[in-house]
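J.: Have a look at this one before I ask anything.
The values are calculated or read from the model by the stated rules, or taken from the named source; none is laboratory data. Quantities reported herein were computed from a predicted structural model and do not represent experimental measurements. Cβ sites come from the backbone with ideal geometry, for glycine too, and all protein chains shown count toward neighbours. Keep in mind that these areas ignore ligands, DNA and RNA; they rest on the heavy atoms of the full protein, side chains included. Shrake-Rupley method; radii C 1.70, N 1.55, O 1.52, S 1.80 Å.
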Amino acid sequence: MSQGSEDKLLKLRAKRDLSFFDLHSVSQINDDDLALILDLARGFRDTKTEKLNFCKGCSLVHAFFEPSTRTLSSFDLSAKNISMDTNSVSSGSSVKKGESFLDTAQTLDAYNLSVITIRAAQAGVPEMLSRHVGAAVINAGDGWHEHPTQGLLDVLTMLDHLDNKDLKGKTVTIVGDILHSRVFGSLIRLLKQLKATVRIAAPETFLPAEVEKFGLTTHYRVEEALEGSDIVYALRVQKERGSGGFIPSLREYSKMFGITRARLDLANDNAILMHPGPVQRDIDVHSALVSLDSQSHILRQVENGMAVRKALLWLLSKRLDGKTKPYERL
Ligand code: CP
């Protein structure tokens with residue numbers, strides 16, 4: 001990396017801190033926070049895998065109580081790229097022996113950590129734990145609630161695709177298992193903050209009650225929702241959360257809502273296809289569209305995940321104000 005790129009990052013970072021100490025929901029992110037995270041992420045993207053010494057002396061533990069490929073590996077590589085020491089506890093942790101999430105988090109916090117990333121099947125675990133540890137807690141996905149860093153990498157991917165880098169007035173169509181999706185929980189809030197027009201398409205049984213309160217339109221025919229879209233965002237049918245009980249069968253779901261070439265062609269010519277992963281090929285999205293099609297930005301989302309996570313880890317572990325986070329010990 002050139003000295004210029006590093007200087008640019010340091011200059012951006014020197015401006016200000018985020019308005020929050022922990023990240024459990026994107027509703028904590030104001031417009032200035034979002035601009036700072038995205039600017040830093042773009043700067044980090046230029047640095048690729050170059051090792052930077054920005055967080056030397058900081059430590060991070062990943063507490064992942066649900067499986068992950070993308071989120072865990074990119075948080076870990078991102079942390080290492082900015083010189084943080086990292087470790088992981090997972091489904092093999094002492095939670096299996098009956099230790100509570102709270103005792104687990106406070107045990108880890110006794111290592112004087114800078115950051116704990118948390119993934120849990122239960123909504124609210126990161127938010128609850130953040131009130132009882134000194135480390136910054138980042139929600140890496142909690143139940144059906146939110147997945148904030150996924151939402152951030154998604155909007156970075158969308159904005160960078162658009163010529164004017166602005167989602168205002170652009171149409172984003174989200175298709176699939178909205179009900180069980182923490183990805184949707186974060187993405188919809190950020191899309192509304194950025195003034196995008198949002199459509200959702202799903203079987204009625206995959207729609208949360210009062211979802212229209214987000215200011216979107218619902219469609220039961222995916223073709224109608226896709227027409228004229230600028231971004232097509234497919235979600236995974238979440239079998240592990242019992243989604244199978246909400247649809248007649250995966251085959252029928254795929255026939256009615258799966259993204260095929262013909263359906264993608266209903267969107268605008270330069271529309272992009274996105275999916276948070278892991279993709280269930282030929283259920284959520286037709287296999288030929290997943291990674292080889294020029295409209296697919298799915299691997300670009302993965303790349304942007306590294307950039308966003310480096311930005312967030314740096315911002316939350318090295319605060320400029322020098323204050324320690326106020327927290328409650330039981
Ligand atoms: N998108 C996402 O959270 O993927 P992983 O479950 O692989 O982390």
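J.: Mind listing whichever residues of the stretch 22-68 are among the charged types (D, E, K, R) and open to solvent by less than 10 Å² (accessible area, probe 1.4 Å)?
T.: Step one: filter the stretch 22-68 for residues among the charged types (D, E, K, R), giving 22, 31-33, 39, 42, 45-46, 48, 50-51, 56, 66.
Correct list: Asp33 only.
J.: Between a residue in the stretch 260-286 that is more than 27 Å from Glu240 (Cα to Cα) and any residue that is within 16 Å of the ligand (Cβ to nearest atom) and in a loop (DSSP other than H, G, I, E, B), which pairs come within a Cβ distance under 9 Å, given they are 6 or more apart or on different chains?
T.: Here the result reads Ile272/His297, each pair linking the stretch 260-286 to a residue that is within 16 Å of the ligand (Cβ to nearest atom) and in a loop (DSSP other than H, G, I, E, B).
J.: Being more than 13 Å from the ligand (Cβ to nearest atom), at pLDDT 95 or above, buried (at least 17 other Cβ atoms within 10 Å of the Cβ) and outside any loop (DSSP other than H, G, I, E, B) narrows it down to one of Thr86, Thr71, so name that one. So that I can check it myself, show each step before the final result.
T.: Numbers: Thr71 fails: more than 13 Å from the ligand (Cβ to nearest atom).
Exactly one residue qualifies, and that residue is Thr86.
J.: For the structure I just gave you, tell me whether Phe44 is assigned to a helix (DSSP H, G or I), over 30 Å from Lys168 (Cβ atoms), modelled with pLDDT of 95 or more and in contact with a Lys or Arg (Cβ under 8 Å, 6 or more places away or on another chain).
T.: When the stated conditions are applied, Phe44 does not pass them.
J.: To continue, here is another question. Looking at the stretch 206-214, can you tell me whether even one residue there is touching a Phe, Trp or Tyr at 6+ places or on another chain (Cβ under 9 Å), within 16 Å of the ligand (Cβ to nearest atom) and touching a residue at least 40 places away in the same chain (Cβ under 8 Å)?
T.: No; the residues of the stretch 206-214 include none that is touching a Phe, Trp or Tyr at 6+ places or on another chain (Cβ under 9 Å), within 16 Å of the ligand (Cβ to nearest atom) and touching a residue at least 40 places away in the same chain (Cβ under 8 Å).
J.: Here's a follow-up. For the stretch 247-267, check the following and say yes or no: at least one residue is aromatic (Phe, Trp, Tyr) and within 25 Å of Ala120 (Cα to Cα).
T.: Scanning the stretch 247-267 turns up no residue that is aromatic (Phe, Trp, Tyr) and within 25 Å of Ala120 (Cα to Cα).
J.: Could you tell me how many of the residues in the stretch 134-150 are open to solvent by 10 Å² or more (accessible area, probe 1.4 Å), under 17 Å from the mean Cα position of the chain (by Cα) and more than 16 Å from the ligand (Cβ to nearest atom)?
T.: Qualifying residue count for the region: 0.
J.: A further question on this structure: Taking the stretch 173-184, which residues are within 14 Å of the ligand (Cβ to nearest atom) and hydrophobic (A, V, I, L, M, F, W, C)?
T.: Val183, Phe184
J.: A follow-up question, please. Where in the stretch 151-262 are there strands (runs of 3 or more DSSP E), lying wholly inside it, with at least 3 residues that are open to solvent by 20 Å² or more (accessible area, probe 1.4 Å)?
T.: Details: elements: 171-175, 197-201, 217-219, 231-234.
Counting at least 3 such residues, we get 217-219.
J.: Something else about it: Please determine, by comparing only the residues of the stretch 1-21 that are of a type in the set (Gly, Ala, Ser) and in a helix (DSSP H, G or I), which one is least open to solvent (accessible area, probe 1.4 Å).
T.: For the stretch 1-21, the residue satisfying everything is Ser5.
J.: OK, next. Looking at Leu292, is it out of contact with any Lys or Arg (no Cβ under 8 Å at 6 or more places or on another chain), part of a loop (DSSP other than H, G, I, E, B) and open to solvent by 60 Å² or more (accessible area, probe 1.4 Å)?
T.: So Leu292 fits the description; yes.
J.: Do you know which residues across the stretch 241-277 are within 16 Å of the ligand (Cβ to nearest atom), in contact with a helix residue (DSSP H, G or I) (Cβ under 8 Å, 6 or more places away or on another chain) and within 23 Å of Gly143 (Cα to Cα)? Please lay out each step first, then the result.
T.: Step one: list which residues in the stretch 241-277 are within 16 Å of the ligand (Cβ to nearest atom), which gives 241, 243, 273-277.
Adding the requirement that they be in contact with a helix residue (DSSP H, G or I) (Cβ under 8 Å, 6 or more places away or on another chain) leaves 243, 273-277.
Hits for the stretch 241-277 are Ser243, Met274, His275, Pro276, Gly277.
J.: Additional query: Count, please, the residues in the stretch 166-182 that happen to be at pLDDT below 95 and more than 17 Å from Ile200 (Cα to Cα).
T.: Here the count works out to 0.
J.: Something else now. Quickly run through the stretch 90-121 and pick out the residues that are within 16 Å of the ligand (Cβ to nearest atom) and either touching a His at 6+ places or on another chain (Cβ under 9 Å) or part of a helix (DSSP H, G or I) (or both). Working first, answer last.
T.: We begin by selecting, within the stretch 90-121, every residue within 16 Å of the ligand (Cβ to nearest atom); these are 90-91, 117-121.
Result: Ser90, Thr117, Ile118, Arg119.
Okay, residues lined up against (1) more than 16 Å from the ligand (Cβ to nearest atom); (2) free of Cβ contacts under 8 Å to residues at least 60 places away in the same chain; (3) not hydrophobic (A, V, I, L, M, F, W, C):
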{"site": "His161", "(1), (2), (3)": "yes, no, yes"}
{"site": "Leu167", "(1), (2), (3)": "yes, yes, no"}
{"site": "Thr171", "(1), (2), (3)": "yes, no, yes"}
{"site": "Ser186", "(1), (2), (3)": "no, no, yes"}
{"site": "Pro203", "(1), (2), (3)": "yes, yes, yes"}
{"site": "Leu216", "(1), (2), (3)": "yes, yes, no"}
{"site": "His219", "(1), (2), (3)": "yes, yes, yes"}
